[in-house]
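The values are calculated or read from the model by the stated rules, or taken from the named source; none is laboratory data. Not measured: the values here are computed from a predicted model. Heads up, the Cβs are rebuilt from the backbone with ideal geometry, glycines too, and the neighbour counts pull from every protein chain shown.
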Amino acid sequence: MKILVTTPELRFPIKLIFPIGVLRSRWIWRIALKYTDDDQKQDIMMYSGMIAESVDVLEKYVRNNGHFNLVEVEAKDGTRVVIRI
Amino acid sequence: MESFGARLAELRREHNLTQNDIADRLNISAQAVSKWENDLTSPDIDTLLKLADIFNISTDELLGKNKIEPVYLPTEQRKDINQLVFRIIVDSVDGDRVRINLPMAAVKIFVNNDSVKVFSGNKALENIDFNQIFALVEQGVIGELVSVDSADGDHVRILVESI
């Protein structure tokens with residue numbers, strides 16, 4: 001997964017790259033739970049399973065159809081965020 | 001219906017192309033592409049055909065015609081769920097634009113829990129029944145299935161398209 005952030009203030013875009021497979025890791029979700037408020041822990045536990053399941057679907061989709069932009073956000077001030085799978 | 005310029009800019013970004021990339025392929029200036037995207041001028045018919053080739057779509061789709069009407073597909077013409085993409089397009093009243101593209105198979109995982117709304121955090125999506133949309137798709141309806149304006153002026157469109 002690539003996260004690309006461009007803003008009018010920055011001369012160069014910010015690029016973050018990490019494998020989406022890590023979202024399957026229980027270790028990642030344990031860290032997320034550690035830094036989550038108690039009232040949101042239930043949500044995290046519920047969504048972690050669904051997100052891990054969706055990672056399988058996304059990987060299969062990329063294998064069959066190539067990479068795609070999962071999310072694109074463009075603010076009025078010119079800031080643009082793209083999450084590319 | 002969105003303008004030709006907005007549609008062209010959207011397609012260009014979807015394909016991760018710059019205005020220069022398009023200009024190079026058409027052997028024209030990047031300024032000409034910029035003028036099209038800002039709806040100051042329009043390309044001629046020959047160029048429209050070349051643009052459609054670049055994006056691998058029909059000229060109807062390039063002009064935004066095919067995506068508007070929902071269509072019912074009989075059983076034998078329906079695509080597998082893995083061949084469908086769920087697009088959420090939000091144009092907020094303050095000028096922000098959000099585009100979410102999800103493989104339909106991934107939507108299926110979340111749809112029973114209304115999690116699409118939770119993840120988006122967008123108020124305009126609160127009253128949209130994603131279960132109903134998914135049921136429509138399962139019955140063979142694709143195309144633009146939702147086009148609504150929220151109370152605060154955001155315009156939301158939901159499309160289901162085949163790959």
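A:Arg24 is checked against (1) more than 20 Å from B:Ile100 (Cα to Cα); (2) basic (Lys, Arg); (3) loosely packed, with under 15 Cβ neighbours inside 10 Å and fails just one. What number does that condition carry?
For A:Arg24, the exception is condition (3).
Can you name every residue in the range B:66-124 that is among the polar types (S, T, N, Q), modelled with pLDDT of 75 or more and within 17 Å of the chain's Cα centre (by Cα)? Full working, then the answer.
Filtering the range B:66-124 for residues among the polar types (S, T, N, Q) gives B:66, B:75, B:77, B:82-83, B:92, B:101, B:112-113, B:115, B:120, B:122.
Okay, now just the ones that are also modelled with pLDDT of 75 or more, so B:75, B:77, B:82-83, B:92, B:101.
Passing the criteria: B:Gln83, B:Ser92, B:Asn101.
Taking the condition of being at pLDDT 80 or above and in contact with a strand residue (DSSP E or B) (Cβ under 7 Å, 6 or more places away or on another chain), how many residues in the range B:125-155 meet it?
14
Go through the range B:18-38 and give me each residue that's in contact (Cβ under 8 Å) with a residue 24 or more places away in the chain and either within 14 Å of chain A (Cβ to nearest Cβ) or in contact with a Lys or Arg (Cβ under 7 Å, 6 or more places away or on another chain) (or both).
Passing the criteria: B:Ile22, B:Leu26, B:Glu37.
Filter the helices (runs of 4 or more DSSP H) completely within the range B:1-91 down to those with at least 3 residues that are more than 25 Å from A:Val71 (Cβ to Cβ). First the steps, then the outcome.
Values: elements: B:4-14, B:19-26, B:30-37, B:45-55, B:59-62.
Once the helices (runs of 4 or more DSSP H) in the range B:1-91 are filtered for at least 3 residues that are more than 25 Å from A:Val71 (Cβ to Cβ), what remains is B:19-26, B:30-37, B:45-55.
Is at least one residue of the range A:60-78 more than 10 Å from chain B (Cβ to nearest Cβ) and over 26 Å from B:Leu17 (Cα atoms)?
Checking the range A:60-78: not a single residue is more than 10 Å from chain B (Cβ to nearest Cβ) and over 26 Å from B:Leu17 (Cα atoms).
Every residue in the range A:31-42 that is under 27 Å from A:Val62 (Cβ atoms) and modelled with pLDDT under 85, please. It would help to see each step written out before you state the result.
Pass one, the range A:31-42, residues under 27 Å from A:Val62 (Cβ atoms): A:31-32.
Answer for the range A:31-42, where residues must be under 27 Å from A:Val62 (Cβ atoms) and modelled with pLDDT under 85: just A:Ala32.
Among the residues of the range A:9-57, count how many are more than 14 Å from the chain's Cα centre (by Cα), within 27 Å of A:Ala75 (Cα to Cα) and away from chain B (no Cβ under 14 Å).
Here the count works out to 5.
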